[in-house]
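Visitor: Take a look at this one; I'll ask things after.
What follows draws every value from the coordinates through simple rules; no lab data is involved. Fair warning: this is a prediction, and the values are worked out from it, not measured in the lab. Positions of Cβ are backbone-derived with ideal geometry, glycine not excepted, and every protein chain shown enters the neighbour counts.
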Ligand SMILES: Nc1ncnc2c1ncn2[C@@H]1O[C@H](COP(=O)(O)OP(=O)(O)OP(=O)(O)O)[C@@H](O)[C@H]1O
Ligand SMILES: [Mg+2]
């Protein structure tokens, strides 16, 4: 169960959502914290620039030496100040304790303070602290000035001033925000996990329903179908496609069942006849040599009919497999002439004409194409009254195809019959040709062969107007 959950689409989507959300939040937080810190450094720098202006102003108006103890009041509290003489020595600095007597940190200045030190604001570490905690700015004063370290001592001259502003408050804000952001991010991620679980469970429910339906169909409930609520969504599209696949499967299963039923029915009639004659003989009822002779003839005739039907079924099954047929150039002119000559011999009373326009070569399987012609010709002879004229034509068409037509001036077919004649085992008006006895497979074989050649077969017919069957095939040259 745990393994199934781990590998499930829901788990993977959830992990993906959470990772993406976490990455996004961390990136946004990092950018805003870095921005905030830079901004706080800018604010400190601005304070130092203002402090420099204040110091210069005070120095310009100084009449008596400064007192070190008063340095606290020289510039805004919170800015550290160090007065440096010509040799870089710090002669006075902000006292180590603030006005409330609390100890105060201070920047770690180099001794002696070099000339160009912090000419532009820069970051220095705090005394005793490893990380930089101060922004510092040093500048020469506009006129010489002095400072007294304690009342009564000799004033000492200084020529440069270093002002520094602690970054501690800014960093405290940043650290506090890091903590707050981390807590908020974790909380938000927890919320996303809970929410996405729910959303994904609802969103993926149709997929689970599909699996249940497919399982039910596999278990035999073949009429079940997936309910597609929103056909335009991706899941809806899958559902629609699956339903189509189920429909198609059911249709082809029904077709197969029908086919087997028809085939069995077709074979049962000759088998019954054969059995009847055989039993007659076995029970000694047929003593008359003439009757025995007839029995043998009927048995042979029915066996031949069965054989023909079985051969046709096998051919259809082979064509259904979609195996490629031989692809040699076939001279349709020659096979047309031969088929017509054969038909004239078989049916001397029927006027049959052949018309071949130039060289007509199709690419395909010669035996199968002969069979096409034979089936169409035998239909034209069998399903029309004796003596009905029949014509066969082969001609090349523009666009790399060739055409074979078999036309008769027989009774033709009504549209509802013409509509179905290519169906397997379909026989039209049987009363019209009672002795014909075909299985109704001839035209479905013609169609399968034409399609196996990437060709088509069509019929043009109407009652009283005869029929024209047209087979179009790819030309060989
Ligand atoms: N030229 C035609 N004129 C009138 N009806 C035709 C013609 N060709 C075919 N048909 C009708 O179409 C039906 C189907 O033809 P198809 O060739 O498939 O089967 P069949 O000729 O009855 O039997 P089989 O060809 O298997 O021996 C025929 O039974 C017949 O009713
Ligand atoms: Mg036929």
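Visitor: Could you work out the helix-only [θ] at 222 nm for the chain, with each DSSP H run of four or more residues adding -39,500 (n - 2.57) and the total divided by the number of residues, to the nearest 500 deg cm²/dmol?
Guide: So the calculated ellipticity at 222 nm is -17500 deg cm²/dmol.
Visitor: Output the 0 to 90 degree angle, nearest 10, between the alpha-carbon long axis of helix 366-382 and the longest principal axis computed from the alpha carbons of the chain.
Guide: 50
Visitor: What percent does the relative contact order of the chain come to when contacts are Cα pairs within less than 8 Å and at least six residues apart?
Guide: Result for the chain is 10 percent.
Visitor: Run the paramagnetic zone check for residue 8: 7 angstrom along Cα to Cβ, then residues of the range 206-226 with backbone nitrogen under 19 Å.
Guide: Answer for this model: 206-216.
Visitor: A follow-up question, please. Given the Cα-Cα distance of residue 357 and residue 341 and 0.36 nm per residue of separation, how much length would full extension add, in nm?
Guide: Taking 0.36 nm per residue and subtracting the Cα distance, the gain is 4.0 nm.
Visitor: Does the range 71-164 come out rounded, prolate or oblate, given a ≥ b ≥ c as the square roots of the eigenvalues of its C-alpha gyration tensor, rounded meaning a/c under 1.5 and, failing that, prolate meaning a/b above b/c?
Guide: Cα axes put the range 71-164 in the oblate bin.
Visitor: With a ≥ b ≥ c the root eigenvalues of the C-alpha gyration tensor of the range 249-326, is it rounded (a/c under 1.5), prolate (a/b larger than b/c) or oblate?
Guide: oblate
Visitor: Compute the Cα gyration tensor for the range 230-377, then decide on rounded, prolate or oblate, letting a ≥ b ≥ c be the square roots of its eigenvalues: rounded whenever a/c is under 1.5, prolate when a/b is larger than b/c in the other cases, and oblate in all that remain.
Guide: oblate
Visitor: Between residue 159 and residue 182, what is 0.36 nm times their sequence separation minus the Cα-Cα distance? Round to one decimal in nm.
Guide: Result: 3.5 nm gained on full extension.
Visitor: What's the center-to-center distance, using Cα atoms, between the range 89-139 and the range 201-244 in Å?
Guide: Each part's Cα centre sits 74 Å from the other's.
Visitor: Using the alpha-carbon atoms, what tilt in degrees (0 to 90, nearest 10) does helix 442-452 show relative to the longest principal axis of the chain?
Guide: In the chain, helix 442-452 runs at an angle near 40 degrees to the longest axis.
Visitor: Please give the contour-minus-distance gain from residue 304 to residue 254: 0.36 nm per residue of separation, less the Cα-Cα distance, rounded to one decimal in nm.
Guide: 15.1 nm
Visitor: How far apart, in nm, are the 7 Å Cα→Cβ label points at residue 395 and residue 314?
Guide: With each label point 7 Å from Cα toward Cβ, the separation is 3.9 nm.
Visitor: May I pose another question? Relative contact order, percent, of the range 234-318 when contacts are C-alpha pairs under 8 Å separated by at least 6 residues?
Guide: Taking the mean separation of contacting Cα pairs over the length of the range 234-318, I get 29 percent.
Visitor: Could you work out the relative contact order of the range 87-177, using alpha carbon pairs under 8 angstrom and six or more residues apart, expressed as a whole percent?
Guide: In percent, rounded to a whole number, it is 23.
Visitor: Once both axes come from the Cα atoms, what is the angle between helix 9-60 and the longest principal axis of the chain, in degrees from 0 to 90, rounded to 10?
Guide: Roughly 20 degrees, rounded to the nearest 10.
Visitor: Calculated FRET efficiency, residue 89 and residue 18, Cβ-Cβ r, R0 45 Å, to nearest 0.05?
Guide: According to the calculation, E is roughly 0.15.
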